[in-house]
């Protein structure tokens, strides 16, 4: 199975972001013919004030219903259906009863939604450059583990800050995951020091492939101040080797998920069997 990760530079204008995503996905499909394509975290609306985030967020259709979704939801669904591929939709703002949710939706080649994951861990920190982030002021936390199957590969869902919580990734491995998606919008200071290290560590611990599409470049926060995200979208194999990576700017990278390699790594180093702690 070929997997493409798309690196975007979104702002808080959803229409412009959809146009950018459409162009990049089209280029990735034309060049590499992936079986599944993925987008970064909050690619529909990155930055802006609270009002902008709520305005650009979408009310998602009830699972299994024939309801129509918002523009981003319909865009992702149409790409899957038209191109006959799986689309792992990064994450978008989902309207909830009290707060928004940072939510992944996934579509199969028929355009049917097959997974929905709400980010569990909220990014409430002060970064090394002194900039503060309080994701929980706008977004609520999800509470469910989510996997789905694509072309015979069991896929797990995580988002950005989730990468710092290895117990989530171990739970996904125990749920059968061979591939875990990590759509992200990492800050530059944390990304520069921890991005590759954390992804490789989670891949080695779980013996899973990790596909991490990320945002890159500058956007404006609620006060109109510039914020930078790190990019460097990548794919990592179960041995912890980075097999494809994007540099600065927008673009995409593609790699083939080799289930024989996964099986060999797990056979030769059966860490899940050796674990002594719950």
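Matching residues to (1) touching a helix residue (DSSP H, G or I) at 6+ places or on another chain (Cβ under 6 Å); (2) assigned to a strand (DSSP E or B); (3) at pLDDT below 95:
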| site | (1), (2), (3) |
| --- | --- |
| 156 | yes, yes, no |
| 171 | no, no, no |
| 176 | no, no, no |
| 192 | no, no, no |
| 196 | no, no, no |
| 199 | no, no, no |
| 204 | no, no, no |
| 211 | no, yes, no |
Check: What is the residue count in region 114-154 for residues that are in a loop (DSSP other than H, G, I, E, B) and either surrounded by 13 or more Cβ atoms within 10 Å (Cβ to Cβ) or touching a residue at least 40 places away in the same chain (Cβ under 8 Å) (or both)?
Finding: 16
Next item on the list: May I ask you to list the residues in region 239-263 that are more than 22 Å from residue 23 (Cβ to Cβ), assigned to a loop (DSSP other than H, G, I, E, B) and in contact (Cβ under 8 Å) with a residue 60 or more places away in the chain?
Entry: 257
Item checked: In region 213-241, residue modelled with the highest pLDDT [restricted to those that are surrounded by fewer than 19 Cβ atoms within 10 Å (Cβ to Cβ), touching a helix residue (DSSP H, G or I) at 6+ places or on another chain (Cβ under 8 Å) and closer than 23 Å to residue 91 by Cα] -> 228
Next item on the list: May I ask you to list the residues in region 224-238 that are more than 16 Å from the chain's Cα centre (by Cα), in a loop (DSSP other than H, G, I, E, B) and under 21 Å from residue 189 (Cβ atoms)?
Entry: 224, 225
Item checked: Verdict on residue 48 being surrounded by 19 or more Cβ atoms within 10 Å (Cβ to Cβ), touching a helix residue (DSSP H, G or I) at 6+ places or on another chain (Cβ under 9 Å), at pLDDT 95 or above and assigned to a loop (DSSP other than H, G, I, E, B) -> no
Notebook entry, point to check: Among the candidates 64, 90, which residue alone is modelled with pLDDT of 95 or more and out of contact with any helix residue (DSSP H, G or I) (no Cβ under 8 Å at 6 or more places or on another chain)?
Noted result: 90
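The values are calculated or read from the model by the stated rules, or taken from the named source; none is laboratory data. All figures in this text were calculated on a predicted structure; none of them were measured in a lab. Glycine also receives a Cβ, built like all others from the backbone with ideal geometry; neighbour counts cover every protein chain displayed.
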